Every structure is written in C-alpha cells, then in structure tokens.
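See below for the structure under consideration.
The values are calculated or read from the model by the stated rules, or taken from the named source; none is laboratory data. All values derive from a computational prediction rather than experimental measurement. Neighbour counts are summed over all protein chains in view; Cβ atoms, including those assigned to glycine, are modelled from backbone coordinates with ideal geometry. SASA here: full protein model, heavy atoms, side chains in, ligands and nucleic acids out. Shrake-Rupley method; radii C 1.70, N 1.55, O 1.52, S 1.80 Å.
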Amino acid sequence: MSLSFHWFLPTYGDSRSLVAGGHGTFMSGDRPATLRYLNQISAAAEDNGFEAVLTPTGTWCEDAWLTTAMLVETTETLKFLVALRPGLISPTLAAQMGATFQRHSRGRLLLNVVTGGEPHEQQAYGDFLDKEQRYARTGEFLHVVRELWKSADPVTLDGEHIQVRGAQLANRPDPIPPVFFGGSSAPAGPVAARYADTYLTWGEPVLAVSRKLDWIRGLAVDQGRVLDYGLRIHVITRDTAEEAWAEADRLLKGIDPADIERVQASLSRSESEGQRRMSELHGGSTDRLEIAPNLWAGVGLVRGGAGTALVGSHEEVAERLIEYSKVGVSHFILSGYPHLEEAYWFGEGVLPILERKGLWRNPVNGAGTPGTTPFAASSNS
C-alpha cells in the first residue's frame, strides 16, 4: 500500500496554542488567516511532499472555493481538497465550479463533501432540513454532480429534495475530481458507499476505526464498489517522545477553562454522530487524555470536528500511522499547531521513515522540484 498524506489550511486563523471553536462555533487564531500566511502553509505542505491541503467549510472560516482558487497560482503541484456543503448551491453550479477549478488548476481539485451536522449553522445558511433529509439530499446532489462530470448526456432528476431538468456542462472535468466524504451516522453509510471515492473518519482508536471501515466496506460491496479510506487527525511529532508530550502539555496548560465550557456547550447541540464520538473520548475533562497509545484527545476539548492528535517521537507516530494503514486507511489528512511549523516537523521527521519502509513516495518525484514559488511576489516580477 502506498500512503497519501495531506495537510490542512486553517482558514479561520492559526496559533502556537490550540484555536478554540469550529463546527458552528466562532473561532480565530492570533495568526490571522491572511492570503500571505495561507500561501506560506501551502508552500510548506508542497515542499514537504504533502499531496493536498484540506480547507474547512462553515460560518466560522473563510470560503473554501474562493480561498483555494487564489492559492492555485502560487503553488505548482499541490492539490486542494475543497470542502463543499450540498444543498446550499445548485448541484449543476457545483459541478460547473468543480470543472472550472479542475481545468484551470490542471487537475489539482479534490472535493470534500460535508453534509453538515449543526442545525443552528445550517439554518444560518437558510437550510431547515432535518438530519436524515440532509443526507438524502446529499445523495441526490452527488448523483447529479457525478452524472454531469462523467457524461455529455443531459441530466434530469425529479428527486425529493433536488430537481433539475436537462442539465449539461459545456466542459467536463478531466480527470474527474475524487470525492471525499465522511459521516458516522446510519444515513451517511449508503451515501458514502454509492458516491464517495474516499470515506473519511476522525481519529478514534484503531479498533473503532476498523469497525467503522468494515461497516462502509460492507455497504460498498452491496453497491459493487471499492472505496479508499482516510483519517483526519492532528499530529505532535518531535525527535523524542518526551519533547512531543511536553508540547502537548504546553498546549493543554494554555487552554482557558472558559473556552472548554463554551465550546463543549456549543458542540452539545450538534446532531453529528462523529462529533458525539469525539466528545465521548474526553468527556469535557482534562484527565486521562491519552485514550490509546500515542492518541491524545486534548484538541477536542476546545475544537469541534477532528479532536485527537498522534503524539510521540517520529518513530512512534510512524508506527501508529502504520497501524491505521493495516486496517485499510490510505489517506491521512493531518494538521498541527502552528500549521506552518508542524508541517516541517512531520515532513522532515515522519515521512522519511515511511519512505524508507516503502510506504510513502514523494508525489512530486518526477514532476519537477517544488520550492521555486516564493511566499510573496518577487520585486522583479
């Protein structure tokens, strides 16, 4: 198995401390998410051999489409895993946007489909469907998008939530952007099995992840499909385990208890099964945060969504990643605080270990050498 590694763009801001909020809760870091700073993170990801960067979606961050479109010209090989919420725009328009992005980026678009699990945030966008209806709409949405991408024939759908008639694209994407999709609740499974290329889950202990992937595999078999699987998780990796855990302790000591109370109160409103599972790992308490070897739940005390981190020496983190790979995970979407520096800790510390083991190959090998794009425009340009 060849593993793929992706990084994260904190389009709400970054910090040397944990940034509190997210997933329907306001958040911002003391390093503002300026285009200049996001360009630096993109360059760091590209230079360290990450295949793509994930952008979040929601009222608490910058728009994913516009932000990544502005980063395309300052990168060379890096792909963009753009988050999109079905139902907030027409599926025909979404298919057209994806095709345009793919063409102008020369094939560097990946699509992360986010159904949405916070009713108050969905309602802020004008979406008042319940959870099961949202997943049903996601399936109809992806049906239209994928049909438009793969065929020149007109697409018509008279669905429960989406109706289009005679939809066509003047230019279809080549290649078709891979669809990444996550969801832990019962109605998410059939949608993933039928329409996703890569099923995503957050960083739970290996056995819990394995059981979830087995669930999706079974559903995919029923659809005659085989999926890839991905893990979204944070990393704190250092030359020694002691240094890594000292950094985790520093982050923990920097958390304001009021932020824990505020964020956990907001997240308790979530309808997301994945969020419920993340919250159960720590229970809102700072005690016993190492929930499995090298798996730390401290991030989830103040951050919605992915709330765990792999903490340890480069060798330990590499071993834990290999354990996840043995249950079927081949895509790892990683992040750390701050995202700029942590990209180098992981890229220079862990990836060479995996490369020596034959589990990873730098995606830019044979495609030119990255690093020729400056962080800011040259005065000679």
Starting from the Cα gyration tensor of segment 194-318, take the square roots of the eigenvalues, sort them a ≥ b ≥ c, and report rounded, prolate or oblate (rounded when a/c is under 1.5, otherwise prolate if a/b is larger than b/c, else oblate). oblate
Residues with amide H under 5 Å from that of residue 81, placed H, sequence gap 5 or more: 53, 54, 55, 110
Of the candidates 245, 296, 202, which one comes out as most mobile in a Gaussian network treatment of the chain with C-alpha springs shorter than 10 Å? 245
Rounded to the nearest 5, the percent of DSSP beta bridges in segment 1-95 running antiparallel is 10
Quick one: what do you get for the chain if you divide its Cα Rg by 2.2 N^0.38 Å? 0.95
Under the Karplus curve 6.51 cos²θ - 1.76 cosθ + 1.60, θ = phi - 60°, whole-Hz ³J(HN,Hα) for segment 335-347, x wherever Gly or Pro sits: 7, x, 10, x, 5, 5, 5, 5, 4, 6, 4, 6, x
Roughly to the nearest percent, how much of the accessible area of segment 1-80 is carbon and sulfur, given a 1.4 Å probe? 51
Which pairs break 24 Å Cα to Cα here: 253/326; 150/326; 131/212; 212/326? 253/326; 150/326
So for each of 49-56, 167-174 I average, over its residues, the number of other beta carbons within 10 Å; can you give me the resulting order with the highest mean first? 49-56, 167-174
Return one whole number: the accessible area per residue of the chain in Å², for a 1.4 Å probe. 41
Using alpha-carbon positions, what is the distance between the centroids of segment 176-199 and segment 108-130, in Å? 15
The chain - share of DSSP beta bridges that are antiparallel (%, nearest 5): 20
Environment charge of residue 78, counting only residues whose C-beta is closer than 9 Å and scoring Lys/Arg +1, Asp/Glu -1: -1
With a 1.4 Å probe and all protein chains kept in place, how much accessible area does residue 197 have, in Å² rounded to the nearest 10? 50
Would you kindly derive the ³J(HN,Hα) couplings of segment 27-42 from the backbone phi angles with the Karplus curve 6.51 cos²θ - 1.76 cosθ + 1.60 (θ = phi - 60°), listing them in order in whole Hz, with x for Gly and Pro? 8, 7, x, 7, 9, x, 7, 6, 4, 4, 5, 5, 5, 5, 5, 4
Restricted to segment 208-338, the DSSP antiparallel beta bridge percent, nearest 5, is 30
What are the residues whose amide H is under 5 Å from the amide H of residue 3, where those residues sit 5 or more places off or on another chain and H is modelled from the backbone? 360, 361
Under 13 Å, Cβ to Cβ, from residue 225 - net charge with Lys/Arg +1 and Asp/Glu -1: 0
Sorted by packing (mean other beta-carbon atoms within 10 Å per residue), highest first, where do 252-265, 330-343, 17-30 land? 330-343, 17-30, 252-265
For residue 339, what charge total do you get from the other residues with a beta carbon under 11 Å from its beta carbon, if Lys and Arg give +1 and Asp and Glu give -1? -1
Determine the share of segment 196-271's accessible area contributed by carbon and sulfur atoms, expressed in whole percent, with a 1.4 angstrom probe. 52
Sort segment 72-163 into rounded, prolate or oblate with this rule: let a ≥ b ≥ c be the square roots of the eigenvalues of the Cα gyration tensor; rounded if a/c is under 1.5, and if a/c is not under 1.5, prolate when a/b is larger than b/c, oblate otherwise. oblate
Gain on full stretching of the segment that runs from residue 59 to residue 276 - 0.36 nm per residue minus C-alpha separation: 76.1 nm
Nearest-20 debye value, the chain charge dipole, Cβ charges on Lys, Arg, Asp, Glu: 800
Need one value: the accessible area of residue 31 in square angstrom, 1.4 angstrom probe, rounded to the nearest 10. 50
Among 303-311, 94-102, 157-165, how do they line up by average Cβ neighbours within 10 Å per residue, starting with the highest? 303-311, 94-102, 157-165
